[in-house]
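The values are calculated or read from the model by the stated rules, or taken from the named source; none is laboratory data. Every value quoted in this text rests on a predicted model; they were computed, and no experiment measured them. Cβ atoms come from the backbone with ideal geometry, glycine included; neighbour counts cover every protein chain shown. Ligands, DNA and RNA are stripped out before the accessible areas are found, and what is left, the full protein with its side chains, is counted by its heavy atoms. Shrake-Rupley method; radii C 1.70, N 1.55, O 1.52, S 1.80 Å.
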Amino acid sequence: MAAGTGLAALTAPLVTPAPARAAQHLWRWCFQCSGLWFSGNGGNGYCPLGTGLFGWEHPHRSAGSGDYVLRFVDEPGAGQASWVWCRLCSGLWSSSADPSHRRCPTGSLPGGRHDFVNSGHYKLEALPDMTNGPGGQAQWFMCRKCAALFFAGNGPQGVCPAGGSHEHQAGVGFEHVLRQV
Ligand SMILES: [Zn+2]
Ligand SMILES: [Zn+2]
Ligand SMILES: [Zn+2]
């Protein structure tokens, strides 16, 4: 409708919201390392657990995983906004952790650094502030050794690129909640 038809004065002004940026799905849980990784680029990233005859194949796996949705920091709703994707290993990592605690399983950059170039900036809901209502899957934590996001709800806590299994300390740090499509 063209402006100036006269009808506009009779109705509440139309407020056009900024175009919402769609949340991003195709994030998967890997049953080998228990981490979250992005499957939307075609490849399978690089899992800390090597497989194959000599352990030199490193695909993350998606069997048994839901299709997780992550929100970008500029979307509505609260969340803890320090999460980035590494284009080398395809994992989700906290950028707020001490950089020495970030260990890319590829080992391809000096100091074990990840490569966060081209990453979105993601925010995660955390208990008890469930700003998007009830639902979702709790028991996601940041590993205090490698700063990965990992799922601790299955007992075994996956393979940590810093050695052993991922770890979090009860009562320390956030317990995150992820949602699925
Ligand atoms: Zn994995
Ligand atoms: Zn990495
Ligand atoms: Zn870890």
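For the stretch 126-181, the set of residues classified as of a type in the set (Phe, Trp, Tyr) and out of contact with any Cys (no Cβ under 8 Å at 6 or more places or on another chain) consists of TRP140, PHE141, PHE151, PHE174, listed by residue number.
Each residue in the stretch 109-147 was checked for being within 16 Å of ligand 2 (Cβ to nearest atom), open to solvent by less than 70 Å² (accessible area, probe 1.4 Å) and in a loop (DSSP other than H, G, I, E, B), and 10 pass.
Scan the stretch 163-179 for residues that are away from ligand 1 (no atom under 14 Å from the Cβ) and surrounded by 14 or more Cβ atoms within 10 Å (Cβ to Cβ) and jot them down. Quick ask: steps written out before the conclusion?
Going through the stretch 163-179, the residues away from ligand 1 (no atom under 14 Å from the Cβ) turn out to be 163-164, 167-179.
Scanning the stretch 163-179 gives GLU167, HIS168, GLY173, PHE174, GLU175, HIS176, VAL177, LEU178, ARG179.
The single condition among (1) open to solvent by 70 Å² or more (accessible area, probe 1.4 Å); (2) modelled with pLDDT of 95 or more; (3) under 16 Å from ALA148 (Cβ atoms) that GLY64 does not meet is (3). Restricted to the stretch 27-61, and to residues there that are at pLDDT 95 or above and aromatic (Phe, Trp, Tyr), the residue that is surrounded by the fewest Cβ atoms within 10 Å (Cβ to Cβ) is PHE31. Within the stretch 67-108, restricting attention to residues that are surrounded by fewer than 16 Cβ atoms within 10 Å (Cβ to Cβ) and part of a helix (DSSP H, G or I), the residue that is farthest from the chain's Cα centre (by Cα) is SER100. The residue that is nearest to SER108 (Cα to Cα), among those in the stretch 148-181 that are among the charged types (D, E, K, R) and assigned to a loop (DSSP other than H, G, I, E, B), is GLU167.
Can we say ARG61 is touching a Gly at 6+ places or on another chain (Cβ under 7 Å) and basic (Lys, Arg)? In short, no.
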